[in-house]
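Reading through the structure tokens given below for one structure.
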Amino acid sequence: MTLSAPSLRRFVRRALVDATGVASPDRAQLASAFDLLCERLRQQLQPLFGTTAVNALYVRAVHVATEEFSWLSEIVSNGQEPCASDRIASVEALEIDALAEGLAAVLAHNIGLLNAFVGEDLVLPLVQQAWGVIEAPRTEGEP
Amino acid sequence: MNDSQNVTINRLPSGVPKLDDILGGGWPEYSFNLIVGEPGSGKTTLAHQFMFANATAERPALYFTVLGEPTLKMLRYQQQFTFFDMAKVNNVVQFANLNDEALTNDLGKVLQAIIAKIQEVSPRIVIVDSFRTLLPGVSADGTMGVQEFVQRLAMHLTSWQATTFLLGEYAEAQIRDNPLFTMADGLLTMNQRVSRNSMVRQVQALKMRGNAPQPGLHTIRISDRGVQAFPRMLKPIEEIQTDVTPELISTGIAGLDEMLGGGTLRGNGILVAGPVGSGKSTMAVQFIAEGVARGEPGVAAIFEETVPKYLDQAKALGVDLEDMARRGLLEVVYVRPLDLSMDETLYAIQAAVDRIGARRVILDSISGLEAALAPAFKEDFLESLYRLLGALTGAGVTILLTVEVTEPYNDMRFTPHPISFLTHDIVLQRYYEFEGELRTFLTVIKTRARSHSHQMRKYEVTGNGIVVGERLSDLTGLITAVPEIRNGRDK
């Protein structure tokens, strides 16, 4: 199975919203949920891959996501303070939906990079375990 | 009477075919082992094979990576091997990265991290990869030195009943004088070197407490199945010898059978020596076809021609080797040429013999086999050939070997190697010039335990194979290749 980026993105976005605990989260709640998922993922990955590798992948994920959502460069940490979301809540010019999509893109690219290196069969169980989600991402065309 | 009960040492399979033979039965459970070698020699792969072969719910495994290959890369590449079982990862096989601790250059922290993780997981298999990267130099600042680190680690791991491996990047020269290596129960070295255009990889069990390992260097190859080992020593020939009923069997060439004293004896090695194009392979094909016709499966180990070409040449003689193979009566062994080790070749042939229960084997030709060997293995050629012939003929398999003779015509050597002592029967093919034609004759040089013809008889390679003719009784000086006719006629 090879996950397409859109389905992985949808999976992450669902997890992000679920982590807020509300159906229609505000900026602060999204920022907090992003921090939570990002930090849990790091905690899951660091014992396996080491801090250096996890940081490097995160920085690359932010870089790739920024090409699509340029505003990410202003509000998401470049890796010096991974997962720091202080600035996210303060960005009021962004639509909630765009903010959720951009944040989901960062985490989805992070997972996508790991998939590319060591494969979904190894990575996705780690992600599900880190985030406490049972649902797995679905490929295009799957119900 | 001694009532004491000696402890039984359980041995765990290495997960590498034939490596257990080298280790003396496998890795002793709860042993503390070092696997050392230069980068790229296969240490990580070997350790993974062991881990995936042995990790179970009752025997979980924990793999520490330090500063060597990043875990991300390691997992990426190890997945390519067929032994890698994804279902075991993060289940009965866990990986832990000590990169952060190792970067502090404080071995105490590394040890604490290892101990903490081991307490958490309670593994029965522990692997630390790799070891040299832990060496911070002399611990003049009072931090834990590497020797103390290894000693403490070994003690902890032993008390936790874990079978442990430290992988180290050491050249062999660094091993012998290093006190670290005295602590280990087992020490396996892995080396690799480029010999002209060939990569030669070998392992050596320098130490194996509780086991009786096979001494010396043994060839390994790394393929998509991981490390494969080819132990240098087959069983001593005396152990292999079985009682073979003395029985004459046909070579498939009537005239040759007659010259050999009724055929060759089962379990013999027959050497067919001759110049290029003299029909050695034809004789080999007839020999194997005769066996198949009599219900004796055969193995054709070819080292010169490619398989399709060889099959075509046999078909031109009316021998359908492909059909024999389809019927399970023949296996053609064609080992990738030009970087072979003898041991690898021996095992390929032996395995084919075992698979189909072969009674006849042809090695066509041993000149080609020698040419296919990596340069580093050529010096072992004769010894290895001796072991192969001993193993097969001792089990009652009859072997026909061909060898190309390139010596001057007035020099009556049989082969470029002193291999005649390895075989029981020797048949020599030669060219000679007569009436403006290049013609062929053959003679039997020796046979085992029976009398044979001493005649020089002409023969022809026909579309139906070799046809042996009459004795060349009216010619003298055949060995010079330019004979004279008796009764005073000119050449």
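The values are calculated or read from the model by the stated rules, or taken from the named source; none is laboratory data. Please read all numbers here as calculations on a predicted model, not as lab measurements. FYI the Cβ positions are ideal-geometry reconstructions off the backbone, even for glycines, and counts take in every protein chain you see.
What to note about this one:
- Test: residue in segment B:317-327 that is crowded, with 19+ Cβ neighbours inside 10 Å, in a helix (DSSP H, G or I) and at pLDDT below 90: no
- Residues satisfying the stated conditions in segment B:59-98, i.e. among the small types (Gly, Ala, Ser), closer than 13 Å to B:ILE118 by Cα and either facing another protein chain (nearest Cβ under 7 Å) or in a helix (DSSP H, G or I) (or both): B:ALA96
- Hits in segment B:66-89 - residues which are touching a Leu at 6+ places or on another chain (Cβ under 7 Å) and either under 14 Å from A:PHE49 (Cβ atoms) or among the hydroxyl-bearing types (Ser, Thr, Tyr) (or both): B:VAL66, B:THR71, B:LEU75, B:VAL89
- Among residues of segment B:155-179, those that are more than 32 Å from the chain's Cα centre (by Cα) and modelled with pLDDT under 75, counted: 2
- Members of segment B:96-135 found to be closer than 23 Å to A:GLN44 by Cβ, buried (at least 22 other Cβ atoms within 10 Å of the Cβ) and touching a residue at least 40 places away in the same chain (Cβ under 8 Å), listed by number: B:VAL110, B:ILE114, B:PRO123, B:ILE125, B:VAL126, B:ILE127, B:VAL128, B:ASP129
- The residues of segment B:254-309 that are assigned to a loop (DSSP other than H, G, I, E, B), touching a residue at least 24 places away in the same chain (Cβ under 8 Å) and farther than 24 Å from B:ARG355 by Cα, listed by number, are B:LEU260, B:GLY261, B:GLY262, B:PRO275, B:VAL276, B:SER278, B:GLY279.
- In segment A:45-65, residue surrounded by the most Cβ atoms within 10 Å (Cβ to Cβ) [restricted to those that are at the interface with another protein chain (Cβ under 10 Å from one of its Cβ atoms) and of a type outside the set (A, V, I, L, M, F, W, C)]: A:GLY50
- Segment A:94-135, residues that are touching a helix residue (DSSP H, G or I) at 6+ places or on another chain (Cβ under 7 Å) and among the polar types (S, T, N, Q): A:ASN110, A:ASN115, A:GLN129
- Listed by position, the strands (runs of 3 or more DSSP E) enclosed by segment B:422-480 that each have at least 2 residues that are among the hydrophobic types (A, V, I, L, M, F, W, C) are B:425-434, B:437-446, B:465-471.
- Of the residues A:GLU92, A:GLU39, the single one that is touching a residue at least 40 places away in the same chain (Cβ under 8 Å), of a type in the set (Asp, Glu), away from every other protein chain (no Cβ under 14 Å) and in a loop (DSSP other than H, G, I, E, B) is A:GLU92.
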